[in-house]
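The values are calculated or read from the model by the stated rules, or taken from the named source; none is laboratory data. Small disclaimer: the values here were computed from a predicted structure and weren't measured. FYI the Cβ positions are ideal-geometry reconstructions off the backbone, even for glycines, and counts take in every protein chain you see. Note: accessible area is taken over every heavy atom of the protein model, side chains too, but ligands, DNA and RNA are not part of it. Shrake-Rupley method; radii C 1.70, N 1.55, O 1.52, S 1.80 Å.
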Amino acid sequence: MFPPRPLPQAPVFLMLARLMVDKGVREYLEAARRVKRQYPEARFQLAGALDPNPASIRQAELDAWIREGTIEYLGKLHGVQAALAGCRYYVLPSYYREGTPRSVLEAMATGRPIITTDAPGCRETVDPDINGYLVPTHDSEALAAAMLRLLAADNQSVEAMAVAGLDRVARLFDVERVNRQLMEITGL
């Protein structure tokens, strides 16, 4: 259960994912670099494990990003609630062929505006301009522009996006509702 948490005022972005190229980790880093030029106080957190998959980010690359100071690497987390509670915005620029990303649903349930890609699975979580923004895959420039929009938005607009995300996740992705639909579809 991920209860809603108060929205921090600090401009903290968070990405939770296995550190694979297809999850959009490099796009997240490049967008963070762009945004920090205009908002040096913005923080960009990244949490997740390195993966043995050949499409994974390598330790040396991650170490270079950490030394650069653009991202704050939180490591592999065994519980994500504290990280979600500490961020103001949630980002998943994935083009990995996945279902609906659990991390996005958890961020919505926590009450965070979302930036994700207009890709199957991800796009279903966002009602554009209502609870977040959709960006094209492989596009760090569009990702940075969406981040800048959130940073420039007034607090009331950001709060409204958070509330809309809570409503959307409860309405469309409640586990009991989804299980009931699966049971009906399968005739069980």
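Return the total of residues in region 40-57 being within 21 Å of the chain's Cα centre (by Cα), open to solvent by 70 Å² or more (accessible area, probe 1.4 Å) and more than 30 Å from Gln9 (Cβ to Cβ).
0
Among the candidates Ala144, Ala60, Ala164, Ala85, which residue alone is surrounded by 14 or more Cβ atoms within 10 Å (Cβ to Cβ), closer than 19 Å to Asp22 by Cα and not basic (Lys, Arg)?
Criteria check complete, one pass: Ala144.
Looking at Asp63 and the list (1) out of contact with any helix residue (DSSP H, G or I) (no Cβ under 8 Å at 6 or more places or on another chain); (2) closer than 16 Å to Thr116 by Cα; (3) assigned to a helix (DSSP H, G or I), which single condition is not satisfied?
(2)
Within region 100-110, does at least one residue satisfy the condition of being at pLDDT 95 or above, within 24 Å of Gln38 (Cα to Cα) and either surrounded by 21 or more Cβ atoms within 10 Å (Cβ to Cβ) or of a type outside the set (Asp, Glu) (or both)?
Scanning region 100-110, I find no residue that is at pLDDT 95 or above, within 24 Å of Gln38 (Cα to Cα) and either surrounded by 21 or more Cβ atoms within 10 Å (Cβ to Cβ) or of a type outside the set (Asp, Glu) (or both), so the answer is no.
Give region 40-53 a look and list any residue that's within 20 Å of Pro93 (Cβ to Cβ) and part of a loop (DSSP other than H, G, I, E, B), or say none.
Ala42, Gly48, Ala49, Leu50, Asp51, Asn53
In region 72-101, what residues are closer than 11 Å to Ala47 by Cβ, in a strand (DSSP E or B) and out of contact with any Lys or Arg (no Cβ under 7 Å at 6 or more places or on another chain)?
Tyr73, Leu74, Gly75, listed by residue number.
Could you list, in sequence order, the residues of region 105-143 that are part of a helix (DSSP H, G or I), under 13 Å from the mean Cα position of the chain (by Cα) and over 21 Å from Ala170 (Cα atoms)?
Leu143
If you go through region 144-160, how many residues are farther than 15 Å from Met15 by Cβ, in a helix (DSSP H, G or I) and of a type in the set (A, V, I, L, M, F, W, C)?
Adding up the residues that qualify gives 6.
Go through region 6-15 and give me each residue that's among the aliphatic types (A, V, I, L, M) and under 20 Å from Glu141 (Cα atoms).
Val12, Leu14, Met15
Table: residues versus (1) touching a Leu at 6+ places or on another chain (Cβ under 8 Å); (2) at pLDDT 95 or above.
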| position | (1), (2) |
| --- | --- |
| Met1 | no, no |
| Pro8 | no, yes |
| Met15 | yes, yes |
| Lys23 | yes, yes |
| Arg26 | no, yes |
| Lys36 | no, yes |
